[in-house]
1. For every helix of n ≥ 4 consecutive DSSP H residues, a contribution of -39,500 (n - 2.57) applies; sum these over the chain, divide by its total residues, and give [θ] at 222 nm rounded to the nearest 500 deg cm²/dmol.
2. How long is the gain from residue 91 to residue 197 if the chain were fully straight, where each residue apart is worth 0.36 nm and the alpha carbon distance is subtracted?
3. Compute the separation of the alpha-carbon centres of region 186-245 and region 1-63 and state it in Å as a whole number.
4. Over all directions, how big on average is the projection of the convex hull of the alpha-carbon atoms in region 203-333, in square nanometres?
5. Each residue of region 288-295 in turn: what ³J(HN,Hα) in whole Hz from Karplus with 6.51, -1.76, 1.60 and θ = phi - 60°, glycine and Pro shown as x?
6. Taking the Cα-to-Cβ direction at residue 233 and at residue 151 and moving 7 Å from each Cα, how far apart do the two end points lie in nm?
7. Looking at region 13-82, which trypsin sites (Lys or Arg not before Pro) are DSSP coil and have at most 14 other C-beta atoms within 10 Å of their C-beta?
8. Report the label-to-label distance for residue 3 and residue 324 in nanometres (one decimal), using points 7 Å from each Cα along the Cα→Cβ vector.
Amino acid sequence: MSKIEEILSERILVLDGAMGTMLQRYKFTEEDFRGERFKDWPIPLKGNNDLLSLTQPETIAEIHRKYFEAGADLIETNTFSSTTIAMADYEMEELVYELNYESARIAKKVADEFTIREPNKPRFVIGTMGPTNKTASMSPDVNDPGYRAITFEDLRVAYKQQAEALLDGGADILMVETIFDTLNAKAALFAIEEIIEERDKKVPIMVSGTITDASGRTLSGQTAEAFLISVSHLPLLSVGFNCALGAKQLIPYLEVISAKSNFAISAHPNAGLPNAFGEYDETSESMANQIGEYLEKGLINVVGGCCGTTEEHIKAIADLVANYRPRKFEFST
């Protein structure tokens, strides 16, 4: 049994909140994104949040600290889009190893600070692997349904490069998250399995899908149960859902996978549904109240926040979960 599994059996772990939401507070300009190193880059870089691990590393560390101070046990690296596939938009494919390595290193340094300060509450770093901006199982062209913008092999290679750098930088766990196309996720998981075999080292893996709307399906058409079945061949640390929906809307799908899975269950929903301006209005108190239903029903082992959540939301969640026992699950082998 790994240290993280041991702790998961004892209490519910708290995940951090949104990185992008926190970064918006800093109102970084194009020049801030570029820094001195990329001041002459030929295309605009504003909005490339992952790049801030290189150009504004102190800010990324500060955000991690805020989440740990709020009560988080787990923080995610600033690497949601750090694959060659997503970084192609900025012509920054060559920077992918460095982006992941540095993001993991920054997060691990902050995690170690808090673990040393509170050894009875060790902190862990999750290497975040987002879904990329291409899908392997659907065509982006309605006039050519057989066309694919990316292949499984392309995804495997890109994800393997990302995962290796995250582990080299100090990530304790890898999480394939915001999965809208399970074929993409399978490429990531295949790549991680390759690394585990090559390095002969166990790596805890978290998998988190996203239900895109009230239909209760992922973008590629799977129900919650179908999604669970399609990733259950692996010895995962946890499976769960994040993004797209608010805490309350996520409940029926968490009930399905909690009832049918032996893995730990995770959830990091948005701060409600976005308003007409694409902003999230759910208060920390309101969101914690809704997550209270997860706890009353014994649905989860890991909980945090996605879009629109801040350290205030995480503090409210951390204060709440301290009063509840974790859902029982079986340890992976």
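Please treat every number below as a calculation from the coordinates, not as lab data. Every value quoted in this text rests on a predicted model; they were computed, and no experiment measured them. Positions of Cβ are generated from backbone atoms using ideal geometry, with glycine treated the same way; all protein chains shown enter the neighbour counts.
1. -13000 deg cm²/dmol
2. Gain in length upon complete extension: 35.0 nm.
3. Each part reduced to its Cα centre gives a spacing of 23 Å.
4. With the hull built on Cα positions only, its mean projection is 8.0 nm².
5. Each residue's phi maps through the Karplus curve to give 4, 4, 5, 5, x, 5, 4, 6 Hz.
6. Computed distance between label sites residue 233 and residue 151 equals 2.0 nm.
7. 25, 27, 37, 39, 46
8. In this crude label model, residue 3 to residue 324 measures out at 2.7 nm.
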